[in-house]
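The values are calculated or read from the model by the stated rules, or taken from the named source; none is laboratory data. For clarity, every value in this text was computed on a predicted model and none was experimentally measured. For neighbour counting, all protein chains shown are included, and Cβ atoms are generated from backbone atoms with ideal geometry for every residue, glycine included.
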Amino acid sequence: MTALSMRGVRKRFAATVALAGVDLEVAAGEIHALLGENGAGKSTLMKILAGAITPDAGVISLNGTTYAPRDPIAGRDAGVAMIYQELTLAPHLSVVENIRLAREKTITRADATAALRALGLTNSVNTLVKNLGPGERQIVEIARAIAADARVIVLDEPTSSIGPMEASRVFDAMRRLRDLGRAVIFISHHLDEVRAVAERFTVLRDGASVGTGRIAETSDDALIALMAGRPLGQLFPVRTWAAGGVVLKIDALAGDSLPRDASLELRRGEIFGIAGLIGAGRTELLRTIFGLDAVRAGHVRVGAWSSSTAQPYLNLRHGVGMLSEDRKNEGLAQRLPIATNLLLSSLNRHARHGVVDDRTLARASEPWLARLGIKAASPLRLVSELSGGNQQKVAIARLLAHDVDVMLLDEPTRGIDVGSKAEIYRLLASLASQGKAIVMVSSVATELLGLCDRIAVMHRGVLGAARAADAWTEESIVHAASLGTAKDVA
Amino acid sequence: MSPLGRLRGIVGPLIGFALLFAFVAWSDPSALSALVAPGNVRTVLVQYAGLMIAVVGMTLVIVSGGIDLSVGSVAALSSVVTALALSRGASPTVAALAGIATGVTFGCLNGLIVTRWRIAPFIATLGTMGIARGLGKWLAQDQTVRVPDEQLGWLDALTTANPQPAWLVLAPSVWIAFLVAIVGAVVLRHTVFGVHVTAIGSSETTARLCGVRVERTKWIVYALSGLCAGIAGTILFARLTVGDPTAAIGFELQVVAAVVIGGASLAGGEGSIGGALCGALLLGFLVQGCNLLGIKNSAQEMLTGVIVVLAVTIDAWRSRR
């Protein structure tokens, strides 16, 4: 039975056509993957479904009746639930209070408890949400949708900030949701996840639906070709490792609680991958090297400079730059223009006697926008107006504009589409061949294997021994990440 | 930023001015001509020169994401220090510098508490607000500090309504206020330091990641706010010709109100000195307009409150679109 049908949906914002005719059908008791690159129109379509914006044209029906919500509350009352990447739970309220929030009259404690149990969450319903892990919070969100009797539930990249173990619990909850006969729309950039849980898919490209079908009958290449509109070619560039002298040397580095013990030698022209589970201390390692977190023991040497009491500005002065995993809050100042974000660490080079102005900054940032293919109306527009992939390119461009020699990159491809990912891989490869040294933290084993020269795995704050990338397999990385001991693959 | 964006801060106060003048004209047309008469404008400017100066420092603080509640007490303390210095035989220049140095000292103290001890600016400056007020009363022995007229020297001419030479037109204190505002606006909009301040207010973690020396920058911001409060205090002394430890009570809230009317966001990252200056003048003309219409002080205060809420509401509406 069709739970949701959207036909010929169109929407334009001023001069930009966001949706140019989208068809989407989702059956009850189905997990339907909605795929597409950033900017393909997925969020606009979902906002229309939620009732946050009204379409210019198109027919939407929910369980056979016409659906045209005035606002998100009307959408919610009609049985549509949205679960975004940024969760909307109140951390200081309990699980049950969150589920019943603003619906205390219609949802009883018993309903809330039943919804949680149906999803397999065994915690006490009186636990405060702040004490739950990120995966469990997702499950509470899903329980809220069940308790509110939502018929169509949208999950927008539910696993983008949680580890594989937590993710599998969320997938489990999604399957239970399906078995309860709800229609589930799953948005994800990870094709392996899509394959694991979804039955059918719809691909959007440039605001139009360009393909729909059964996942099991469609290859990854075919999906990627649909999303990108062209065959992607090689995802990972071919590289030859020609590493030079040591530029960064870390000895038995320990921070406040993480990392506990990390040593590595990074060479010019090298891409060094760090794998590990969420919470293993990979981010903390980069932060400690960069001077954002305190060093408790050990040494960091950058060339001839020993940065035992390092600060970010000193590291930058010595040619070390860092890309944050948290693009939204740390990586970029969302309320500042693109140009300011791009040049924030190298402002003094564009200033005369400490004086700068917007026009100089705009002019200085234009070559970088062109070089990295960042699509922006003007460098003086707010960075928040850009898509995720373009935002990430601005953050990387900042390191290039500062002309750092050592790049510490924390999850450089998180939350961006396949096309932008391939571009970033090519960029990193060409930077390495120009002699930059790159440390790259990633939770995606395939990208480490495809791009890095050497890989080390972090486990509970301890960085394991580095080995050449071809001495690792996906399996041995996962093994080392979850058990801490490298399984012999030779 | 687009050209319209640059003007953003002053749109709110301009609407306020338009409403104020319309209201005055509607109540009593003759009061309007009295309000905009050159002599009256000069009086308002002299009375509000101190506010205009303090507003410049506060804009920097608010754009950096902080707040400085101590400026009123610090201004009063500075006026007491200036008066005491003069009464002990110091020259007017030395006395003025002592008053200004007092402000800078308290600004540095605020910076120290905020950056080194990591106390929230609201609490830190609430504390120094009390310290400065108490210190002023203690130094002045709970009295106003009188200074013989002949010792005032050039300080006496600072706030005169009839400046010499006559081509100055406005009192020297008003010119000082304009100068401070221009310097402040250039610093905020067109210097590396200003961009750093904006970046810290917009996202402190991003600024740190990009190598901005967050602590040092904040420290300077609070020191500059103290400097402005010190200058305002010295001018306050020149206007009153006594050092009054109980002066300028509630001044800090007027300053914050002016900055917010001028389009600044208390969340940081946004604000303009031009807007804040217009906000300060709006508060000044509001009081003067009410006086001319014979509106009681109690009603004036309520009206000021309404204006603050309205200005911020209009601003929130516009930025939501």
Report summary line: Subset of the range A:68-100, residues free of Cβ contacts under 8 Å to residues at least 12 places away in the same chain and either of a type in the set (Val, Ile, Thr) or assigned to a loop (DSSP other than H, G, I, E, B) (or both), comes to A:GLU86
Report task. For the range A:292-304, indicate whether the set of residues that are within 17 Å of B:GLU204 (Cα to Cα) and surrounded by 20 or more Cβ atoms within 10 Å (Cβ to Cβ) is non-empty. Result -> yes
Query - Subset of the range A:343-358 (residues that are of a type in the set (Gly, Ala, Ser) and either under 19 Å from A:GLN391 (Cα atoms) or touching a residue at least 24 places away in the same chain (Cβ under 8 Å) (or both)) - result: A:SER345, A:SER346
Report summary line: Of all helices (runs of 4 or more DSSP H) fully inside the range B:1-105, the set with 2 or more residues that are surrounded by fewer than 21 Cβ atoms within 10 Å (Cβ to Cβ), at pLDDT below 95 and away from chain A (no Cβ under 14 Å) is B:3-27, B:29-35, B:38-63
Report task. Looking at (1) surrounded by 20 or more Cβ atoms within 10 Å (Cβ to Cβ); (2) more than 21 Å from the chain's Cα centre (by Cα); (3) outside any loop (DSSP other than H, G, I, E, B), find the lone condition where B:VAL212 falls short. Result -> (3)
**Report entry** Out of B:GLN300, B:GLN254, sole residue that is of a type in the set (S, T, N, Q), part of a helix (DSSP H, G or I) and more than 18 Å from the chain's Cα centre (by Cα)
**Finding:** B:GLN300
Report task. Could you grab me the full set of residues in the range A:328-356 that are surrounded by fewer than 19 Cβ atoms within 10 Å (Cβ to Cβ) and either at positive phi or in contact with a Pro (Cβ under 6 Å, 6 or more places away or on another chain) (or both)? Result -> A:HIS353, A:GLY354
Report summary line: Within the range A:310-346, residues being closer than 18 Å to A:LEU285 by Cα, at the interface with another protein chain (Cβ under 7 Å from one of its Cβ atoms) and outside any helix (DSSP H, G or I) number 2
Query - Residue that is farthest from A:PRO164 (Cα to Cα) [pool: residues in the range A:102-121 that are over 28 Å from the mean Cα position of the chain (by Cα) and assigned to a loop (DSSP other than H, G, I, E, B)] - result: A:LYS105
Query raised in the report: Does any residue of the range B:247-256 turn out to be touching a residue at least 40 places away in the same chain (Cβ under 8 Å), of a type outside the set (Lys, Arg) and at the interface with chain A (Cβ under 9 Å from one of its Cβ atoms)?
Result: no
Report summary line: Among the residues of the range A:405-449, the number that are more than 27 Å from A:SER188 (Cβ to Cβ), surrounded by fewer than 22 Cβ atoms within 10 Å (Cβ to Cβ) and aliphatic (A, V, I, L, M) is 1
Query - Residue list for the range A:255-272, filter: farther than 20 Å from A:GLY303 by Cα, in contact (Cβ under 8 Å) with a residue 60 or more places away in the chain and among the small types (Gly, Ala, Ser) - result: A:SER257
